[in-house]
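Participant: Can you read through this structure? Questions will come right after.
Nothing in this text is a laboratory measurement; each read-out follows from the coordinates by a stated rule. The structure displayed is predicted, hence computed values, not measured ones.
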Amino acid sequence: MALLLIFFIFIAVINLICIALLFLVKDPKMNNIFFVGTVILGVLICYLNITSLASNLIVPQIVAGFFGVLSLVGIVLKYMRKFLAAKIFVTASVVLGIVQLFFFA
């Protein structure tokens with residue numbers, strides 16, 4: 001049980017750091033690195049949410065999948081040159097996924 005708590009705290013701290021750096025770093029190259037890292041974290045959290053739920057809980061699995069799709073929408077918006085909207089979608093994906101993983105899984 002303590003190992004799982006340490007893992008959750010580690011995930012939360014890494015996500016907070018990535019999200020903060022995503023909005024604070026001004027260098028475009030470093031910003032792209034943090035954007036890709038945040039997208040990967042969002043998809044990873046989506047995967048953790050879906051696999052941690054029981055197979056008969058279909059609606060929460062669909063909601064978790066929707067949170068993962070928000071990261072993919074952020075990628076599409078990034079290539080459409082809507083940088084702020086892309087950052088907001090990726091951040092929403094990560095934050096909502098963490099909230100679901102911590103409190104509703």
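Participant: Suppose only helical runs count, i.e. DSSP H with n ≥ 4. What mean residue ellipticity at 222 nm does that imply for the chain under -39500 (n - 2.57) per run, divided by all residues and rounded to the nearest 500 deg cm²/dmol?
Facilitator: Calculated from helices alone, the mean residue ellipticity at 222 nm is -30500 deg cm²/dmol.
Participant: Using alpha carbons only, how many angstrom separate the centre of the stretch 74-91 from the centre of the stretch 1-42?
Facilitator: Between the Cα centres of the stretch 74-91 and the stretch 1-42 lies a distance of 16 Å.
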